[in-house]
């Protein structure tokens with residue numbers, strides 16, 4: 001039996017027959033329409049293989065998506081700066 005998907009060189013699942021990204025297809029099914037070319041689908045937990053609909057977030061542009069990542073970096077920086085190392089490690093376990 002042939003597999004319907006494969007993992008591409010960037011670590012994302014794609015369909016064999018169309019090369020379409022699985023997370024984009026799932027997001028389209030979830031919102032009930034095709035994604036616009038500029039829309040970006042973000043994996044909230046950072047796991048490119050977790051394509052659960054509740055893990056996917058659609059952004060209207062790459063700029064909007066990039067902004068989220070910048071905010072996350074700032075938050076992580078300040079948590080590392082303000083929290084003792086042992087508490088920071090514990091905090092990361094429950095994110």
Counting just the residues of the stretch 55-86 that are under 13 Å from the mean Cα position of the chain (by Cα) and closer than 18 Å to residue 21 by Cβ, which one comes out modelled with the lowest pLDDT? 65
Restricting to the stretch 21-49, count the residues that are part of a loop (DSSP other than H, G, I, E, B) and surrounded by fewer than 14 Cβ atoms within 10 Å (Cβ to Cβ). 11
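The values are calculated or read from the model by the stated rules, or taken from the named source; none is laboratory data. None of the values given here were measured: they were computed from a predicted structure. No Cβ is skipped: glycine too gets one built from the backbone with ideal geometry, and neighbour counts run over all protein chains shown.
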